[in-house]
Amino acid sequence: MSLPIVPERPDDEAWDVVVVGAGMGGGTLGFALAQRGFRVLFLERGLYLFGDHDRGTGSLDSTPEDPDGRMRRGYWPHPIKGRSSFGPVEFFGPFGAGTGGSSSVYAAQLERMRPADFEPRRHHPTATDSTLPEHWPISYDELLPYYRRAETLYDVCGTDDPLQPDPEAPVRPPPPMSERDAFVFDALRASDLNPYRAHVGSRFVPGCVGCGGALCPKSCKADSGRVCVVPAVTSHGARILPSCEVLRIEATASRAERVVCRVQGREISVTGKVIVLAAGALMTPTLLLRSQSSIWPDGLANRSGRVGRNLMMHTSDQLAIRPSKTLPAEGPQKAISLNDFYLRNGRKLGNLQSMGVPVSAGVISEYLKQRAQKDPKWYLQMGRLGRKVASTVGAAIFGQSVVMASIVEDLPYHENRVVLDASSPNGMRFEYTYPAELRERNQLFRDELQKAVSKHLTALTLSGENNLNFGHVCGTCRAGEDPTTSVVDRDGRCHELENLFIADSSYFPSAGGINPSLTIAANALRIADRIASSLA
Ligand SMILES: Cc1cc2nc3c(=O)[nH]c(=O)nc-3n(C[C@H](O)[C@H](O)[C@H](O)COP(=O)(O)OP(=O)(O)OC[C@H]3O[C@@H](n4cnc5c(N)ncnc54)[C@H](O)[C@@H]3O)c2cc1C
């Protein structure tokens, strides 16, 4: 590639900030620092997905399984290996690679966490075996100005959540809902619930299909590639090395010195005054664990033994909500969101939202294939004919439904984690035990929802027992005040290293019950401010 934004000799240049991973956290942070005039270099495993790159049609269809084909579509190249309570798996997870990281294929629902999320222990008093902290090292109020900045940056549209209004939120009015969604919205209100228009990062240009699960071809969806990385490299002097796999970080006892990476088959080292890891909650801890040395025998920044631990996701049921009549469904796909079940009778559950994907036989078939990788036994039991019938009949029955998804908070546990595994193409695997208290809260959510809506709507749960949402991994380098129980401090700086920061979802001390990306972006803007002050 001979893009002018790719430096010819990155190893000879003096960078202020080297950012590993150009996704939601890394892209946002790198942009904020480049805008202030710092020399920023992004190191990104995937491709530069802009310029003359073919970004497809924006529709969810089969992602090729060869590594190069996957990366052209913005997806992580290799299957993820792991073991959960449902058995061993090796599957193509919902992770992105390339400019924008996972956000380039996300559905762009950009919601804030709630103040209660920053004091997580208070709402799970009985989960005594979880490592849930009393509070985050930062408060909701401290993050609030950064939430507002992130909402402006990411073009967020929507309406105020009646249960957490913010009159100063810079959220733009959304386009009109489809008649079908408006009917469901009114029925939810009639059920004494408080729906609002989902907060979505999008310009909603004519012909917008939402692009959930796919690259957006129209400069419409606000992913961190389009919104941050491209302007950083084209207008603010930042540079990027795409197709660059970071292998490890070399460090003294107090400073990260070099980032060692492989570019076009060649190993090179780059140095920066500050190094920021933002490779996502699976790969950031992997890089630290891989960076063992005589000074760091258990992995870099891992004197606490917490690197890779406390892996959290969310659980998500898919629910078909069926209106009592057939109505036109043309309109934005992600239209409805509600938080009535976030805290229900003193229990913390989570959000309910439109999935953002229109139901067709193709989409159901793709959904079944993806589920099969996560849960092969279930897929085989269905048989080929069963799957074909399910796709066709499902599309006929559910084509009229609003497919909604729950997002239930998963709690951190010491043994749920990422570990090194040389037999996996990513050099890691995950280990995850599905806790009984999570199963119970999922059932409570289903019961409470049925109870609330049954007078006005039919709600059918489509997902099975294994409802882990791997797209929302977080928590594997948790932030905290105590260096013996956390990896980074309130500003994302590794406790033991003066110039090594973490700015992705690994930071999260708890998962909340809502989509993670706006919090990742707001926190990355906050960490960028701290780095800027330290470099000034
Ligand atoms: C289909 C889908 C739909 C989603 N919908 C939503 C939604 O509506 N709302 C929401 O809030 N969230 C959504 N998410 C989740 C969201 O995209 C992620 O939570 C978020 O992008 C994570 O940000 P991050 O910075 O932690 O990591 P990422 O955005 O994943 O960025 C990590 C980057 O690091 C790079 N990298 C990794 N290892 C290396 C290495 N060794 N060397 C160099 N580079 C490396 C990766 O290629 C990637 O670009 C969705 C995710 C998916 C997949």
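Name the residues in region 182-204 that are in contact with a strand residue (DSSP E or B) (Cβ under 6 Å, 6 or more places away or on another chain) and farther than 17 Å from residue 452 by Cβ, would you?
Hits for region 182-204 are 198, 199, 200, 201, 202.
If I filter region 60-74 for residues that are modelled with pLDDT of 95 or more, under 20 Å from the mean Cα position of the chain (by Cα) and not basic (Lys, Arg), do I get at least one hit?
Yes, the conditions are met somewhere in region 60-74.
Condition first: within 13 Å of the ligand (Cβ to nearest atom) and either more than 21 Å from the chain's Cα centre (by Cα) or in a strand (DSSP E or B) (or both). Now tell me which residues in region 272-317 satisfy that.
If the condition is that a residue be within 13 Å of the ligand (Cβ to nearest atom) and either more than 21 Å from the chain's Cα centre (by Cα) or in a strand (DSSP E or B) (or both), then 275, 276, 277, 289, 290, 291, 312, 313, 314 are the ones that fit.
Suppose we filter 269, 243, 254 for residues that are under 15 Å from residue 17 (Cα atoms) and among the hydroxyl-bearing types (Ser, Thr, Tyr); which single one remains?
269
For region 198-212, which positions are small (Gly, Ala, Ser), within 23 Å of residue 95 (Cα to Cα) and surrounded by fewer than 24 Cβ atoms within 10 Å (Cβ to Cβ)? I'd like the intermediate steps shown before the answer.
Taking region 198-212 as the starting set, the residues that turn out to be small (Gly, Ala, Ser) are 198, 201-202, 207, 210, 212.
Still in the running and within 23 Å of residue 95 (Cα to Cα): 198, 201-202, 210, 212.
Listed by number, the list holds a single entry, 212.
Exactly one of these conditions fails for residue 22: (1) more than 19 Å from the chain's Cα centre (by Cα); (2) in a loop (DSSP other than H, G, I, E, B); (3) within 13 Å of the ligand (Cβ to nearest atom). Give me its number.
(1)
List pairs: first in region 423-449 and in contact (Cβ under 8 Å) with a residue 40 or more places away in the chain and of a type in the set (Ser, Thr, Tyr), second surrounded by fewer than 17 Cβ atoms within 10 Å (Cβ to Cβ) and outside any helix (DSSP H, G or I), Cβ under 6 Å, 6+ apart or cross-chain?
Close Cβ pairs satisfying both conditions: 433/85; 434/85.
Output the number of the condition that residue 99 fails; it satisfies all remaining conditions of (1) in contact with a strand residue (DSSP E or B) (Cβ under 8 Å, 6 or more places away or on another chain); (2) more than 16 Å from the ligand (Cβ to nearest atom); (3) over 30 Å from residue 401 (Cα atoms).
Against the list (1) in contact with a strand residue (DSSP E or B) (Cβ under 8 Å, 6 or more places away or on another chain); (2) more than 16 Å from the ligand (Cβ to nearest atom); (3) over 30 Å from residue 401 (Cα atoms), residue 99 comes up short only on (2).
If you go through region 463-505, how many residues are closer than 26 Å to residue 85 by Cα and out of contact with any strand residue (DSSP E or B) (no Cβ under 7 Å at 6 or more places or on another chain)?
6
Return the only residue of 254, 269 being touching a strand residue (DSSP E or B) at 6+ places or on another chain (Cβ under 8 Å), in contact (Cβ under 8 Å) with a residue 12 or more places away in the chain, of a type in the set (Ser, Thr, Tyr) and more than 10 Å from the ligand (Cβ to nearest atom).
269
Would it be correct to say that residue 63 is more than 30 Å from residue 433 (Cβ to Cβ) and of a type in the set (S, T, N, Q)? Walk me through how you get there before you give the answer.
Details: more than 30 Å from residue 433 (Cβ to Cβ): no; of a type in the set (S, T, N, Q): yes.
When the stated conditions are applied, residue 63 does not pass them.
Please tell me if residue 86 is touching an Asp or Glu at 6+ places or on another chain (Cβ under 9 Å) and either of a type in the set (S, T, N, Q) or more than 23 Å from residue 247 (Cβ to Cβ) (or both). Before the answer, list the steps.
Values: touching an Asp or Glu at 6+ places or on another chain (Cβ under 9 Å): yes; either of a type in the set (S, T, N, Q) or more than 23 Å from residue 247 (Cβ to Cβ) (or both): yes.
It is true that residue 86 is touching an Asp or Glu at 6+ places or on another chain (Cβ under 9 Å) and either of a type in the set (S, T, N, Q) or more than 23 Å from residue 247 (Cβ to Cβ) (or both).
From 97, 116, which residue is aliphatic (A, V, I, L, M), modelled with pLDDT of 95 or more and out of contact with any Ser or Thr (no Cβ under 9 Å at 6 or more places or on another chain)?
Values: 97 fails: out of contact with any Ser or Thr (no Cβ under 9 Å at 6 or more places or on another chain).
The conditions single out 116.
Please enumerate the residues belonging to region 454-483 that are free of Cβ contacts under 8 Å to residues at least 12 places away in the same chain and not hydroxyl-bearing (Ser, Thr, Tyr). Break it down into steps so the answer makes sense when it comes.
So in region 454-483, the residues free of Cβ contacts under 8 Å to residues at least 12 places away in the same chain come out as 454, 482.
Scanning region 454-483 gives a single hit, 482.
If you check 86, 92, 118, which single one turns out to be more than 6 Å from the ligand (Cβ to nearest atom) and under 25 Å from residue 74 (Cα atoms)? If you could, list the steps in order and put the result at the bottom.
Numbers: 86 fails: under 25 Å from residue 74 (Cα atoms); 118 fails: under 25 Å from residue 74 (Cα atoms).
After applying the criteria, what remains is 92.
What number of residues within region 25-43 satisfy the criterion of being in contact with a Ser or Thr (Cβ under 7 Å, 6 or more places away or on another chain) and in a strand (DSSP E or B)?
0
Just the residues that are within 25 Å of residue 434 (Cβ to Cβ) and either part of a loop (DSSP other than H, G, I, E, B) or without any contact (Cβ under 8 Å) to a residue 24 or more places away in the chain (or both), please, taken from region 91-118.
Correct list: 92, 93, 94, 95, 106, 107, 111, 113, 114.
Going by the conditions given, is residue 182 modelled with pLDDT of 95 or more, of a type outside the set (D, E, K, R) and surrounded by 23 or more Cβ atoms within 10 Å (Cβ to Cβ)?
Values: modelled with pLDDT of 95 or more: yes; of a type outside the set (D, E, K, R): yes; surrounded by 23 or more Cβ atoms within 10 Å (Cβ to Cβ): no.
So residue 182 does not fit the description; no.
If residue 50 satisfies all but one of (1) modelled with pLDDT under 95; (2) of a type in the set (Phe, Trp, Tyr); (3) under 22 Å from residue 504 (Cβ atoms), what's the number of the condition it fails?
(1)
Please specify each residue of region 55-72 satisfying the condition of being surrounded by 15 or more Cβ atoms within 10 Å (Cβ to Cβ) and either in contact with a helix residue (DSSP H, G or I) (Cβ under 7 Å, 6 or more places away or on another chain) or in a loop (DSSP other than H, G, I, E, B) (or both).
55, 56, 58, 59, 60, 63
Can you work out which of the residues in region 75-90 that are of a type in the set (Phe, Trp, Tyr) and either over 18 Å from the mean Cα position of the chain (by Cα) or part of a loop (DSSP other than H, G, I, E, B) (or both) is surrounded by the fewest Cβ atoms within 10 Å (Cβ to Cβ)?
Of the residues in region 75-90, the ones of a type in the set (Phe, Trp, Tyr) are 75-76, 86.
Next, only the ones that are either over 18 Å from the mean Cα position of the chain (by Cα) or part of a loop (DSSP other than H, G, I, E, B) (or both) stay: 76, 86.
Numbers: 76: 25, 86: 17.
Checked region 75-90; the qualifying residue surrounded by the fewest Cβ atoms within 10 Å (Cβ to Cβ) is 86.
The values are calculated or read from the model by the stated rules, or taken from the named source; none is laboratory data. No experiment lies behind these values; they were computed from the predicted model shown. Reconstructed Cβ throughout: ideal geometry from the backbone, glycine too, with neighbour counts over all protein chains shown.
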